[in-house]
Amino acid sequence: MGTSPAKENILKRIRQALATPVPIPFPQSEGNQPVFRTEQDDPALVFAREFSALQGRFAYCTDQRDMSAQVMALLQQQAWQKVYIRDAELAAMFPGIEPYADLASCDVSITDCECLVARTGSILMSAGQFSGRTSSVYAPVHICIAYSHQIVPDIRDGLQSIREKYGQQMPSLITLATGPSRTADIEKTLVTGVHGPGEVYCFLVEA
């Protein structure tokens, strides 16, 4: 049985389309040229501005001791007692805290990060961290401890830093957290804390 004229016409158009080179719609986005304008402000200021605009809670710390004191004061103020910290080195920064073992029922989790993305106000994390995949997702409140040298201008720079850090042993998960979890799926009303933490804090330590 031969091919119908209609089907042959469709196949002809497909062959013609495949033979025609498709132009890149935004050629300026390819290669190493920056897509976004370069920020003139200090990266830490840019991150703080963007992170706060996304309902993140930002705190600047002059050193590690100052960070520890600010975090302890926040925990006491909010009466958070079930503090989940998986990273023993991070837990050692808070000698007054007895780490809580059950992530599912904790009040708050404390993690580090791979880096902070200034332009988007995002926290870049990976499965390569001691905190793992779940610490920043399942807790109702997430506290991230970061250092000023971890701030990068854009997502591309963050991914490059991970490549340089891990080489051929890339983490099985790389994720961006951009403010508290939020969705507007229900009657177009913005709701936070649906698919992740309802509050996200970032304590930035001057390195």
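What follows draws every value from the coordinates through simple rules; no lab data is involved. In this text, all values refer to a predicted model and were calculated from it rather than measured experimentally. Cβ sites come from the backbone with ideal geometry, for glycine too, and all protein chains shown count toward neighbours.
Between GLN76 and ARG49, what is 0.36 nm times their sequence separation minus the Cα-Cα distance? Round to one decimal in nm. Write out the running numbers ahead of the final one.
Details: separation 27, 0.36 × 27 = 9.72 nm, distance 2.62 nm.
Length difference between fully extended and current span is 7.1 nm.
Counting only DSSP beta bridges with both residues in region 41-205, what percent are antiparallel, rounded to the nearest 5?
Percent antiparallel among DSSP bridges in region 41-205 is about 30.
Would you calculate the separation in nanometres between label points at SER148 and ARG57, each defined as 7 Å from the Cα along the Cα-to-beta-carbon direction?
Going from the SER148 label point to the ARG57 one covers 2.4 nm.
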